[in-house]
Amino acid sequence: MSDVVYLDNLLSLNTIPDTNTPEAMSDFIKDIKVEVMARHWPALFWWALFDDTHIRTTWLNSTETRDKAQTPATRDASAEELSLKEGYPYLSAPTDEALRHWEQRMPALAQILPADLHPILAGFDAFLKEKFTGAYIILRTTELTDITQASGEDWRFMLRGRARDWQRLKEGMQVERLGADSDLRYEITEMLAELQAPQTDPFFLLSGRSEPLWPLPDLEAAIRVLRSRPLQTQSDARPEQTAPASVHKQQETTSPAPDAPIVQDEPEQVPLSGNGKNNMSLFWFIVILFLIFSAYFSLS
């Protein structure tokens, strides 16, 4: 498959065979302890393992090119002369050295990743330290046309620039503050934009996959929940608007209880009697008035 790349942890080998014979490739594959796969381009985390001193080139015999070169003028040439070779760059580093780079660059990765993807970073860190116990780590890029067309100098220039940018990010610089010609800035920006799509697999972009070792089902399920949570919040926000507390308090004081009868607005009615107070007041008023008139007539 032309769009697949691999991160391999090998027991003893530190190079890719310079031949594509089945025997040589079989020996190489047998030496692989753990293999992680990504698509289209090496996963972002992989670049944090290497520097420009880790560039290697394997020279594979190109049978197709050799066959096309067979002309009457060259038909009698020796097989060795006709064995045209094609160079494929790749990266190879001692495991302990690669993991030291990883430790130094993890803070930069933590700074650029959204919070919901931090569990992938922490999980991949544990995965590397637990499973990558072989002698060497190799990033195989031989299947990618875009990479095979680049020279070793192209790779060296890219990796030196990335090393500077990793350090700047670790020191707190924002991605957008990296240079306009920064290869790492462009890759991170494109990756973050692609991760906005719900259907994007973050593991292929960030760390690669190594079934069934990585990612573990629990982590993958947790990431699925974390990435779906913002979408649920947006969809649920419309029907379930949360009113301020003052509104709720006002509703509690003005709204009738569910079982209470509804009381209509009616004029306040004065009771005909209230503990006999009204009748007693009228009685004493009449008595006082009678006494006043009696006194008046007796004087006259």
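What follows draws every value from the coordinates through simple rules; no lab data is involved. Everything numeric here is computed off the predicted structure, so don't read it as measured data. Using ideal geometry, Cβ is built from the backbone for each residue, glycine included, and neighbour counts are taken over all protein chains shown.
For the cross-link pairs Lys33/Lys170; Lys129/Lys170; Lys30/Lys131, the ones whose C-alpha atoms lie over 19 Å apart are Lys33/Lys170; Lys129/Lys170. Ranked for footprinting exposure by Cβ neighbours inside 10 Å, fewest first, Arg229, Arg39 give Arg229, Arg39.
What does the charge add up to near Met37, with Lys and Arg as +1, Asp and Glu as -1, over the other residues with Cβ less than 9 Å from its Cβ?
Working: positive: Arg39, Arg209; negative: Glu35, Glu211.
Net local charge, Met37 excluded: 0.
Ordered by the count of other Cβ atoms within 10 Å of each Cβ, fewest first, Ser228, Ser92, Ser207 give Ser228, Ser92, Ser207.
Would you list Asp18, Asp218, Asp8 from fewest to most Cβ contacts within 10 Å?
On the way: Asp18 14, Asp218 9, Asp8 24.
Starting with the residue having the fewest Cβ neighbours, the order is Asp218, Asp18, Asp8.
Taking a Cβ cut-off of under 15 Å around Ile137, the surrounding Lys, Arg, Asp and Glu residues balance to a net charge of -2, with basic ones at +1 and acidic ones at -1.
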